[in-house]
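The structure appears right after this line, and notes come after that.
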Amino acid sequence: MRNSERRPSIRLALTLFQLAAGIVLAFCLAGQPAKAYADPGSGAVLWQLFFASVVSIGFHFRKLRFWFTKRWSRRSPPGSTL
């Protein structure tokens, strides 16, 4: 796939991310008092979500780094012609 063919999908992903961030920001700024009960286990669930996200992001960055290293190691040295 050529680089020019990938750009619309990257733009779409960026647009969707901006839309989601805008919606989350709107909900945070337009908040009203909840008047609801948050049980004590909610904090534990949020911590678990946070740590699982950190581990998942670390895993995917490691996987992406190995993919790039493998891809770049196949390149021929400069000055050689194929």
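Observations on the structure shown:
- Residues that are loosely packed, with under 10 Cβ neighbours inside 10 Å and in a helix (DSSP H, G or I) within the stretch 25-41 comprise Phe27, Cys28, Leu29, Gly41, listed in sequence order.
- The set of residues in the stretch 12-71 that are modelled with pLDDT of 90 or more and not hydrophobic (A, V, I, L, M, F, W, C) comprises Gln18, Gly22, Gln48, Ser53.
The values are calculated or read from the model by the stated rules, or taken from the named source; none is laboratory data. This one's a predicted model, so the numbers in the text were calculated from it and none came from an experiment. Using ideal geometry, Cβ is built from the backbone for each residue, glycine included, and neighbour counts are taken over all protein chains shown.
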